[in-house]
Amino acid sequence: MGRRGDPDWRDRASGELLLGLLPARAAEGVVLVAGDPRPEVAQALGARGWKVVTWSRRALGGRVATPWPPAGPFAWVALRLPRDKGELRMTAHASASVLAPGGILRVFGAKDEGIGAIGRSLEPCFSDLRVLGVGGHCRVVEARRASATGELKGTLEAWREAVDTGFRGLPASWASYPGVFAHGRLDPGTRLLLEALPPFPPGARVLDYGCGSGVVGGWLREREEGIRLDLLDVDAVALESARENVPGARFLLRDGLPPREEGPWDAIVSNPPFHRGKVEDPSMITALVLGAPEVLTPGGRLVLVAQRRMGLEGVFREAFRSVTALGEDRAFRVWEGTGPRRPS
């Protein structure tokens, strides 16, 4: 399979490059492997004799996730390049906060992810930046923890931003953090979803799937009296912002739908993710649509927004007896499925 058909090639190739540049035997100290969705780097370092701790802010594949790394101190950090610059800056500060004085940060990623232009994002926490190695369309960049870290923002709270979504019915001050979906703004798909959402009866149990900072769930709670609200996201940092924005809801940190025992729900609402890193992965939306009937009540509904070019009507009709387009614009369409077809 070529790179075009392999969404994981960047993770694999950059990890292999990093391992090829490191000594076969470990030095003293503990290493933190941060943000790597694959286990191979941590496993290989452990096999070479390193004491390895892993950290992820996302509960991908059921892994343990926390919003901030463990305290350390670590001799060096192996960081899989985060997907946006704001998250990279925050993660650089987080890494510096748990590194021993003079500790090393090694960032690994693909060239088309922007690994070649990360220098300014590592300031002011790191110095002596250099390219450790290049190969397989990937690069490893190494930097040393700066001796003077007076500008270090070493806690999650230091990265909190209060933003105005500009949407009627939401508070003017909304908490968010770098790397959270649509950080600092209300994206067009979510706006269309909010405008199209049907009313829910009092007491309805609603799951906001892929909640991000909690915009959809928070707006529903303001609009609907007495609903019971659960917010789910794979990102532990997103859930931290959602806890601030939607106090009193139940929060679920997980990758994919919960088991029916944690529900069932009268409604699932979602602006679901459809990217894995740089690659579109419509299978994540398909899995949500096909899995929803199992966790919905017999009269339950799924309401989601997705790009219009995604052909979702067929998969909705496979999962629901009634399918409706509640709203659309040039880029997005809001789908509603009611009458879930439970597996026999």
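The values are calculated or read from the model by the stated rules, or taken from the named source; none is laboratory data. All of these numbers come straight from a predicted model, not from anything done at the bench. Backbone-built Cβ (ideal geometry, glycine too); neighbour counts: all protein chains shown. Remember, those area values only see protein heavy atoms, side chains included, never the ligands or the DNA or RNA. Shrake-Rupley method; radii C 1.70, N 1.55, O 1.52, S 1.80 Å.
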Q | Reachable aspartates and glutamates from Lys51, criterion Cα separation under 17 angstrom, eight or more residues apart if same chain | A | Glu28, Asp36, Glu40
Q) Summing +1 for each Lys or Arg and -1 for each Asp or Glu, what net charge is found among the other residues whose Cβ lies under 13 Å from the Cβ of Pro258? A) -3
Q. What is the antiparallel percent of DSSP beta bridges lying wholly in the chain, to the nearest 5?
A. 50
Q: Determine ³J(HN,Hα), in whole Hz, for all residues of the range 310-319 in sequence, where each value follows from phi through the Karplus function 6.51 cos²θ - 1.76 cosθ + 1.60 and θ = phi - 60°; x replaces Gly and Pro.
A: 7, x, 9, 4, x, 5, 5, 5, 5, 9
Q: Quick one: grab the alpha carbon gyration tensor of the range 1-108, order the square roots of its eigenvalues as a ≥ b ≥ c, and give me rounded if a/c is under 1.5, else prolate or oblate depending on whether a/b is larger than b/c.
A: oblate
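About its Cα centre, how strong a charge dipole does the range 72-139 have in debye, to the nearest 20, once Lys and Arg get +1 and Asp and Glu get -1 at the Cβ?
Details: 9 positive and 6 negative charges, 19 e Å.
The calculated dipole for the range 72-139 is roughly 100 debye.
Assign one of three labels to the chain, namely rounded, prolate or oblate, based on the Cα gyration tensor with a ≥ b ≥ c the square roots of its eigenvalues; rounded applies when a/c is under 1.5, prolate when it is not and a/b is larger than b/c, and oblate otherwise. Could the numbers behind the result be given before it?
Details: a/c = 2.20, a/b = 1.77, b/c = 1.25.
Prolate, because a/c is 1.5 or more and a/b exceeds b/c.
All other residues with a Cβ under 15 Å from the Cβ of Cys125 taken together, and with Lys, Arg as +1 and Asp, Glu as -1, what is their net charge? Present the calculation step by step, with values, prior to reporting the outcome.
Working: positive: Lys85, Arg89, Arg106, Arg120, Arg144, Arg145, Lys153; negative: Glu87, Glu123, Asp128, Glu142, Glu151.
Charge balance in the 15 Å sphere: +2.
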Q) ³J(HN,Hα) across the range 205-211 via Karplus (A = 6.51, B = -1.76, C = 1.60, θ = phi - 60°), whole Hz, x for Gly/Pro? A) 9, 10, 10, 8, 8, x, 6
Q: Whenever you get a sec, compute what percent of the accessible area on the chain sits on carbon and sulfur atoms (1.4 Å probe).
A: 50
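Any idea what the relative contact order of the chain is, in percent, if you count C-alpha pairs under 8 Å spaced at least 6 apart?
Values: 738 pairs, mean separation 41.7, N = 344.
After rounding, I find 12 percent.
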Q: Report ³J(HN,Hα) in whole Hz for each residue of the range 336-342, in order, from the Karplus equation J = 6.51 cos²θ - 1.76 cosθ + 1.60 where θ = phi - 60°; Gly and Pro get x.
A: 10, x, 10, x, x, 8, 5
Q. Going toward the positive end of the dipole of the chain, with +1 on Lys and Arg Cβ and -1 on Asp and Glu Cβ, which of Met90, Val216, Tyr177 do you reach last?
A. Met90
Q) Rounded to the nearest whole Å², what accessible area per residue is found for the chain with the 1.4 Å probe? A) 45
Q: Report the charge-dipole magnitude of the chain in Debye, nearest 20, computed about the Cα centre from +1 at each Lys and Arg Cβ and -1 at each Asp and Glu Cβ.
A: 660
Q | Stretch gain in nm, segment Arg321-Arg120, where the contour uses 0.36 nm per residue and the Cα spacing is subtracted | A | 67.1 nm
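Is the shape of the range 195-344 rounded, prolate or oblate, going by the alpha carbon gyration tensor and its root eigenvalues a ≥ b ≥ c, with a/c under 1.5 for rounded and a/b larger than b/c for prolate? Show your work: numbers first, answer last.
On the way: a/c = 1.37, a/b = 1.15, b/c = 1.18.
Here the range 195-344 falls in the rounded category.
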Q) Of Ala100, Trp68, Gly49, whose Cα points farthest to the positive end of the dipole of the range 42-126 (charges on the beta-carbon: +1 Lys, Arg; -1 Asp, Glu; origin at the Cα centre)? A) Gly49
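On full extension of the chain, what length is gained from Met310 through Val134, given 0.36 nm per residue of separation minus the C-alpha to C-alpha distance? Working shown, then result.
On the way: separation 176, 0.36 × 176 = 63.36 nm, distance 3.64 nm.
Extending this stretch completely gives an extra 59.7 nm.
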Q: Provide the FRET efficiency to the nearest 0.05 for the Glu195-Asp84 pair, computing r from the beta carbons and using R0 = 35 Å.
A: 0.85
